[in-house]
Amino acid sequence: MKLPEDVTIPKDKLVRYLLLRREESDKSRFLALAGYSLAQWEILERDLRQLIKTCEVSNVEISPYGTKYEVRGTLVGPNGRTLHIVTVWIKLEATGETRFVTLFPDKEVS
């Protein structure tokens with residue numbers, strides 16, 4: 001199963017969470033290893049959309065807010081380095097919209 005291509009990836013999720021340096025749960029350093037930056041956040045959005053076109057859902061979980069999906073895959077960043085990641089998405093019960101939630105390093109891939 002693949003996610004629909006018309007998923008929502010909120011800009012704020014990328015620029016105010018993933019690519020912004022944070023004291024806790026910082027993901028910007030991990031993404032910077034592959035050359036992703038706040039200045040070019042659109043590249044990360046494009047690559048996340050490409051990921052869901054090519055990779056299958058690897059896990060499904062029902063939550064009070066909707067159905068959560070994990071999609072594992074790789075991102076090849078602007079500098080050519082490959083990151084193995086797990087992305088999390090949710091199909092909201094209230095609206096039926098499928099939204100990007102977060103990503104993190106895939107520790108199952110060495």
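The values are calculated or read from the model by the stated rules, or taken from the named source; none is laboratory data. Since this is a predicted model, take the numbers as computed values, not measurements. Don't worry about glycine lacking a Cβ; one is built from the backbone with ideal geometry, like all the others, and counts go over all protein chains shown. Each accessible area value is taken on the protein alone, full model and side chains, heavy atoms only, with ligands, DNA and RNA left out. Shrake-Rupley method; radii C 1.70, N 1.55, O 1.52, S 1.80 Å.
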- [ ] Output the residue which, of all residues in region 64-82 that are closer than 16 Å to ARG29 by Cα and touching a helix residue (DSSP H, G or I) at 6+ places or on another chain (Cβ under 7 Å), is surrounded by the most Cβ atoms within 10 Å (Cβ to Cβ).
- [x] LEU75
Open item on the list: Checking the structure you have, find out if any residue of region 53-62 is open to solvent by 70 Å² or more (accessible area, probe 1.4 Å), without any contact (Cβ under 8 Å) to a residue 40 or more places away in the chain and in a loop (DSSP other than H, G, I, E, B).
Closed with: no
Open item on the list: Please go through region 93-104 and give me each residue that is open to solvent by less than 50 Å² (accessible area, probe 1.4 Å) and of a type in the set (A, V, I, L, M, F, W, C), ordered by number.
Closed with: PHE100, VAL101, LEU103
- [ ] Mind telling me which of the residues LYS107, LYS68 ends up being without any contact (Cβ under 8 Å) to a residue 60 or more places away in the chain, more than 22 Å from ASP12 (Cβ to Cβ) and of a type in the set (D, E, K, R)?
- [x] LYS107
- [ ] Write out, first by first residue and then by second, each pair whose Cβ atoms fall under 6 Å of each other, whose residues are 6+ apart or on separate chains, and whose first residue, in region 28-41, is touching a residue at least 40 places away in the same chain (Cβ under 8 Å) while the second is surrounded by 15 or more Cβ atoms within 10 Å (Cβ to Cβ) and among the hydrophobic types (A, V, I, L, M, F, W, C).
- [x] ALA34/LEU83; TYR36/LEU44
